[in-house]
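The values are calculated or read from the model by the stated rules, or taken from the named source; none is laboratory data. Nothing here was measured: the structure is a model prediction, and the numbers come from that model. Every residue, glycine as well, gets a Cβ built from its backbone with ideal geometry; the counts of neighbours run over all protein chains shown. Side chains are part of the model used for accessible areas, which takes the heavy atoms of the whole protein and leaves out ligands, DNA and RNA. Shrake-Rupley method; radii C 1.70, N 1.55, O 1.52, S 1.80 Å.
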Amino acid sequence: MLDYDAATSRRIEQTYTTPDVVEQRAQVLAALALRPGERVLDIGSGPGLLAWQMAAAVGADGRIDGIDPSESMLSLAAARDDVRVGAAPVVFRRGDTESIPLPDASVDVAVATQVLEYVADIPRALAEMYRVLRPGGRVLVLDTDWESVVWHSRDPGRMARVLTAWEAHLADPYLPRRLGSELRRAGFDVDRAFVWPLLNVGYVAQTYSGGLIELVAAFIGNRGHTEGEAWAADLCSLGEDYFFSLNRYLFCATKPV
Ligand SMILES: C[S@@+](CC[C@H](N)C(=O)[O-])C[C@H]1O[C@@H](n2cnc3c(N)ncnc32)[C@H](O)[C@@H]1O
């Protein structure tokens with residue numbers, strides 16, 4: 001799977017500051033409808049962009065806990081200077097969703113955006129989220145289904161080979177289609193599911209897919225795939241003919257009282 005070392009973590013941070021992902025975070029925040037004073041757990045908090053925004057939303061009486069197994073990601077998150085006056089305290093620590101370092105029923109909201117698709121044991125991860133949530137607590141899970149990708153290329157055969165090699169960066173590149181049933185099996189009531197498409201028409205480097213090209217090429221190159229450079233050069237030269245679309249799926253659920 002993807003190794004969240006310093007270089008990869010910085011690349012991810014870059015793509016997550018593009019307007020595409022800024023808008024995706026706004027959708028997540030709207031769906032969460034955080035209330036003042038809430039305690040929120042951000043699982044796989046990555047570069048910390050969502051955590052600091054949630055801190056502003058819950059205010060000084062709230063609290064945000066971010067957990068992530070990657071030291072590089074934890075450093076990026078802790079170094080953010082997004083602290084706003086009146087925001088909740090934010091604590092980032094090393095942790096894994098399969099064994100969350102928090103007591104039972106200790107949080108109001110648990111969030112995992114672009115994380116569960118990296119996790120091998122989904123029932124265990126959801127059982128942990130269920131355990132740390134208080135009764136009536138809410139969970140939001142967002143993941144990508146890589147079968148939803150439409151990425152135009154001059155060489156469709158090469159594109160298919162690159163995307164197949166890239167799928168190895170996840171435990172389950174098609175997780176969203178089973179998220180609803182996994183959440184229900186874990187005991188949650190699923191309140192809402194919706195899709196958020198990312199769309200880039202015309203090549204622009206400072207977009208989600210513009211950054212993704214570099215990530216994909218580096219990942220498959222490290223695994224001995226030889227087509228990454230030519231694949232990337234083709235995409236970057238498409239100009240106005242460039243086209244990328246990919247779906248994120250969001251599930252909002254509640255732990256019954
Ligand atoms: C694609 S990044 C998403 C970061 C962040 N959630 C966001 O949306 O901005 C995935 C993150 O999940 C973390 N991660 C991977 N496996 C994990 C696990 N088993 N438990 C918790 N976090 C994990 C990675 O270290 C990385 O920071």
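Given the condition without any contact (Cβ under 8 Å) to a residue 60 or more places away in the chain and touching a Phe, Trp or Tyr at 6+ places or on another chain (Cβ under 7 Å), answer yes or no: does some residue in the range 90-103 qualify? The answer is yes, given that some residue of the range 90-103 is without any contact (Cβ under 8 Å) to a residue 60 or more places away in the chain and touching a Phe, Trp or Tyr at 6+ places or on another chain (Cβ under 7 Å).
Only a single item in (1) more than 23 Å from N247 (Cβ to Cβ); (2) part of a loop (DSSP other than H, G, I, E, B) is not met by S153, and it is number (1). When the range 72-110 is filtered for residues that are exposed (fewer than 13 other Cβ atoms within 10 Å of the Cβ), among the charged types (D, E, K, R) and within 16 Å of the ligand (Cβ to nearest atom), only R94 remains.
The set of residues from the range 128-145 being in contact (Cβ under 8 Å) with a residue 60 or more places away in the chain, open to solvent by 10 Å² or more (accessible area, probe 1.4 Å) and assigned to a helix (DSSP H, G or I) comprises just one member, Y130. Count, please, the residues in the range 14-28 that happen to be open to solvent by 10 Å² or more (accessible area, probe 1.4 Å) and under 21 Å from S75 (Cβ atoms). Here the count works out to 4. Could you please let me know if A31 is under 25 Å from S245 (Cα atoms), within 11 Å of the ligand (Cβ to nearest atom) and open to solvent by less than 30 Å² (accessible area, probe 1.4 Å)? Judged against the criteria, A31 is not a match. Return the total of residues in the range 111-123 being part of a helix (DSSP H, G or I) and exposed (fewer than 15 other Cβ atoms within 10 Å of the Cβ). Of the residues in that region, 1 qualify. When the helices (runs of 4 or more DSSP H) confined to the range 157-257 are screened for residues that are under 17 Å from the mean Cα position of the chain (by Cα), those reaching at least 1 such residues are found at 176-185, 208-222. A Cβ distance below 7 Å, combined with a sequence gap of six or more or placement on separate chains, defines the contacts here; from the range 18-36, residues that are at pLDDT 95 or above reach residues that are open to solvent by 50 Å² or more (accessible area, probe 1.4 Å) and within 15 Å of the ligand (Cβ to nearest atom) in the pairs Q24/W196; R25/Q53; Q27/W196; L29/Q53.
Scanning the range 1-36 for residues that are over 20 Å from L250 (Cβ atoms), aliphatic (A, V, I, L, M) and in a loop (DSSP other than H, G, I, E, B) yields M1, L2.
Scanning the range 88-109 for residues that are small (G, A, S) and over 20 Å from the mean Cα position of the chain (by Cα) yields a count of 3. Within the bounds of the range 40-61, is there any residue that is under 19 Å from P135 (Cα atoms), open to solvent by 40 Å² or more (accessible area, probe 1.4 Å) and in contact with a strand residue (DSSP E or B) (Cβ under 6 Å, 6 or more places away or on another chain)? No, there is no match, as no residue in the range 40-61 is under 19 Å from P135 (Cα atoms), open to solvent by 40 Å² or more (accessible area, probe 1.4 Å) and in contact with a strand residue (DSSP E or B) (Cβ under 6 Å, 6 or more places away or on another chain). Across the range 37-70, the qualifying residues are those that are assigned to a loop (DSSP other than H, G, I, E, B), free of Cβ contacts under 8 Å to residues at least 60 places away in the same chain and more than 7 Å from the ligand (Cβ to nearest atom), and the one among them that is farthest from S106 (Cα to Cα) is G48. Would you be able to say whether some residue in the range 154-173 is charged (D, E, K, R) and within 11 Å of the ligand (Cβ to nearest atom)? No, the range 154-173 has no match at all. The residue that is nearest to F251 (Cα to Cα), among those in the range 146-167 that are open to solvent by 40 Å² or more (accessible area, probe 1.4 Å) and touching a residue at least 12 places away in the same chain (Cβ under 8 Å), is E147.
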